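Visitor: My questions will all concern the structure given below.
The values are calculated or read from the model by the stated rules, or taken from the named source; none is laboratory data. Nothing here was measured: the structure is a model prediction, and the numbers come from that model. For neighbour counting, all protein chains shown are included, and Cβ atoms are generated from backbone atoms with ideal geometry for every residue, glycine included. The accessibility values were calculated without ligands, DNA or RNA, using every heavy atom of the protein model including side chains. Shrake-Rupley method; radii C 1.70, N 1.55, O 1.52, S 1.80 Å.
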Amino acid sequence: SDRTVLPFTPTSTSYISLFGKIAEINYTGADGQSATCRKSLGTDNNSGIYDIFPSTEQLTVGRINATVKGDGTQYTIAEWTDGTYAYSIALSSGVGIDVWHTIIQGTC
């Protein structure tokens, strides 16, 4: 969306349909940073990332209750559902909780 807020300026954007079920947008920045945003019908995790993270935090942004995952200070993924759709955003480089608040608020 035009409202997407990322911690870097995208220099390229690609749109992909995965299996006709997941809409994916990939953003790449000039310095190699990347972000992957996904939306799919249902409430199941759609990030495709199943790593175990040292820290998982709950973050409330307006009506969104997201789970962010990372090392306790820097988080690389956020996942949430609105009851109809599942959403996820994965970053190549971790950012703090305050930055995630801005990303989620600006994306949805």
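Visitor: Looking at (1) in contact with a Ser or Thr (Cβ under 7 Å, 6 or more places away or on another chain); (2) of a type in the set (A, V, I, L, M, F, W, C); (3) not in a loop (DSSP other than H, G, I, E, B), find the lone condition where Val5 falls short.
Guide: (3)
Residue-by-condition table, conditions (1) farther than 14 Å from Val5 by Cβ; (2) basic (Lys, Arg); (3) at pLDDT 95 or above; (4) within 14 Å of the chain's Cα centre (by Cα):
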| residue | (1), (2), (3), (4) |
| --- | --- |
| Ala35 | no, no, yes, yes |
| Lys39 | yes, yes, yes, yes |
| Thr43 | yes, no, yes, no |
| Ile52 | yes, no, no, no |
| Val68 | yes, no, yes, yes |
| Tyr75 | yes, no, yes, yes |
| Thr107 | no, no, no, yes |
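Visitor: Out of all the residues in region 8-25, which are touching a Phe, Trp or Tyr at 6+ places or on another chain (Cβ under 9 Å) and not in a loop (DSSP other than H, G, I, E, B)?
Guide: Pro10, Thr11, Ser12, Thr13, Ser14, Ala23, Glu24, Ile25
Visitor: So Gly42 clears everything in (1) in contact with a Lys or Arg (Cβ under 9 Å, 6 or more places away or on another chain); (2) under 22 Å from His101 (Cα atoms) except one condition, right? Which one?
Guide: (2)
Visitor: Looking at region 9-40, which of the residues that are touching a residue at least 40 places away in the same chain (Cβ under 8 Å) and of a type outside the set (Val, Ile, Thr) is surrounded by the fewest Cβ atoms within 10 Å (Cβ to Cβ)? It would help to see each step written out before you state the result.
Guide: Quick first cut of region 9-40, residues touching a residue at least 40 places away in the same chain (Cβ under 8 Å) only: 32-40.
After this cut, where a residue has to be of a type outside the set (Val, Ile, Thr) as well, the list is 32-35, 37-40.
Details: Gly32: 9, Gln33: 17, Ser34: 16, Ala35: 23, Cys37: 21, Arg38: 22, Lys39: 16, Ser40: 19.
Residue satisfying both the conditions and the ranking: Gly32.
Visitor: List every residue pair whose Cβ atoms sit under 7 Å apart, with the two residues 6 or more apart in sequence or on different chains, where the first one lies in region 42-60 and is open to solvent by 100 Å² or more (accessible area, probe 1.4 Å) and the second, anywhere, is acidic (Asp, Glu).
Guide: The qualifying pairs are Pro54/Asp71.
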